[in-house]
Amino acid sequence: MKHRILVCTLAACCAHAGAADCPPYVKHTPGGDYTRAEDRAGLSVVEKFHFSRAVETLTQGMTGSLGADISYTLEHFPNHHRALASMAKLALRLKSAQPVGARYTVSCFFERAIAFASHDVTARMVYGNYLLATGQETMALEQLDAASRLAPEQATIQYNLGLMYVKKKDYEKASAHAQKAYALGFPLPGLKNKLKAAGKWREPPPAVIEEQETKETKEAQKTQETPIPATAVPAEKN
C-alpha cells in the first residue's frame, strides 16, 4: 500500500508540474537530433564532461548534481535515449518530478524530445515506460500506440503493447500484439505465459509457426550480439 501511495503521489506531482513552463528545444551547436549522424558529431564533447558511465548509472555527477549533468546533456540532445532513461530513473528514485539540478521536469524533457524528433520511436518507448512507472497508464499507452504506428514492424513495441493490454485485461488486443511480436521474432516468453495463464493464448497456424521459429532463431542470434535495452522492455510483474 505504501508503494502505491508513493507512485500516486509522484504521478500527481508530474501532472501538476506538466503545467509549468516547458519551452521547446531550439537546436544549437553542439546538439540536435540524437538519431542523426550529422548532429551526433558534437555528442562526444557533451558526454565527455556531463554524461559518463557514472552519471548514466546514477552513481556520481561530473560537474555537480546528477540532475544537472543529465539535464545539460538533454538540453543539447533532447532525445538522447540513455540520458532520458537516466533522468526518468533518477526521478523515480528521488520520488520527484524534477530532480535537483534539472532545469525542467522529467515530463517536460520527454515532451521536448518528442516535439523536436517526433519520428524517434525509442524516445516514445522510454517515455511510455516512465509514464507506466508513475501510474499514468492511459498516457503510456498513447505513447506506445504512437510508436507502433511509426514502427509497426518493431517486435519490442508490439510486445510492450501486449503487456499493457494484458494489464488492462483487454485480451483480444493483447493477443493480437503478442502474435505480431512473436511473428517478428521477439525472444522473451513472458507475454505468451501471461496470456496462457489467463486462458487467452492461441497457437498460430503451422505455417506461421515455422516462419516464426526462423525469425526467432535470427532474433536470438542478434540478441546475443546486442542485448535488448532494459529501458525498452518494462518489468513484468505477476
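The values are calculated or read from the model by the stated rules, or taken from the named source; none is laboratory data. All of these numbers come straight from a predicted model, not from anything done at the bench. Here Cβ is always computed from backbone atoms with ideal geometry, including for glycine, and neighbour counts include all displayed protein chains. What goes into the accessible areas is simple: the full protein's heavy atoms, side chains included, and nothing from ligands, DNA or RNA. Shrake-Rupley method; radii C 1.70, N 1.55, O 1.52, S 1.80 Å.
Can you go through A133, A176 and tell me which one is more than 26 Å from V26 (Cα to Cα), touching a helix residue (DSSP H, G or I) at 6+ places or on another chain (Cβ under 7 Å) and hydrophobic (A, V, I, L, M, F, W, C)?
Details: A176 fails: touching a helix residue (DSSP H, G or I) at 6+ places or on another chain (Cβ under 7 Å).
So the residue among A133, A176 that is more than 26 Å from V26 (Cα to Cα), touching a helix residue (DSSP H, G or I) at 6+ places or on another chain (Cβ under 7 Å) and hydrophobic (A, V, I, L, M, F, W, C) is A133.
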(request) May I ask you to list pairs of residues, at least six apart or on different chains, whose Cβ atoms are under 6 Å apart, with the first in the range 162-175 being open to solvent by less than 100 Å² (accessible area, probe 1.4 Å) and among the hydrophobic types (A, V, I, L, M, F, W, C) and the second being at pLDDT below 95 and in a loop (DSSP other than H, G, I, E, B)? (result) none
(message) For the range 129-138, give me the residue count where each residue is free of Cβ contacts under 8 Å to residues at least 60 places away in the same chain and either closer than 14 Å to A91 by Cβ or buried (at least 20 other Cβ atoms within 10 Å of the Cβ) (or both).
(response) 2
(message) Against the conditions (1) at pLDDT below 95; (2) of a type outside the set (A, V, I, L, M, F, W, C); (3) part of a loop (DSSP other than H, G, I, E, B), where does T138 fall short? Just the number, please.
(response) (3)
(message) Testing E75 on (1) charged (D, E, K, R); (2) open to solvent by less than 40 Å² (accessible area, probe 1.4 Å); (3) within 16 Å of the chain's Cα centre (by Cα), one condition comes back false. Which one is that?
(response) (3)
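Being closer than 14 Å to W201 by Cβ and not hydroxyl-bearing (S, T, Y) narrows it down to one residue among A151, A178, A155, A146; which is it?
Details: A151 fails: closer than 14 Å to W201 by Cβ; A155 fails: closer than 14 Å to W201 by Cβ; A146 fails: closer than 14 Å to W201 by Cβ.
Criteria check complete, one pass: A178.
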(message) Among (1) under 19 Å from the mean Cα position of the chain (by Cα); (2) at pLDDT below 95, there is one condition P205 misses while meeting the rest; what is its number?
(response) (1)
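Every residue in the range 121-133 that is over 20 Å from D33 (Cα atoms) and either charged (D, E, K, R) or modelled with pLDDT under 95 (or both), please.
Applying the first criterion (over 20 Å from D33 (Cα atoms)) to the range 121-133 yields 129-133.
Answer for the range 121-133, where residues must be over 20 Å from D33 (Cα atoms) and either charged (D, E, K, R) or modelled with pLDDT under 95 (or both): N129, L132, A133.
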(message) Which of the numbered conditions does G61 fail, given that it passes all the others? Conditions: (1) under 20 Å from M125 (Cα atoms); (2) open to solvent by less than 40 Å² (accessible area, probe 1.4 Å); (3) not hydrophobic (A, V, I, L, M, F, W, C).
(response) (1)
(message) Against the condition under 17 Å from the mean Cα position of the chain (by Cα) and either at pLDDT below 95 or open to solvent by 40 Å² or more (accessible area, probe 1.4 Å) (or both), how does K95 come out, does it pass?
(response) no
(message) Residues that are of a type in the set (V, I, T): list the helices (runs of 4 or more DSSP H) wholly contained in the range 153-198 that include at least 2 such residues.
(response) 155-167
(request) Count, please, the residues in the range 36-84 that happen to be of a type in the set (A, V, I, L, M) and part of a loop (DSSP other than H, G, I, E, B). (result) 3
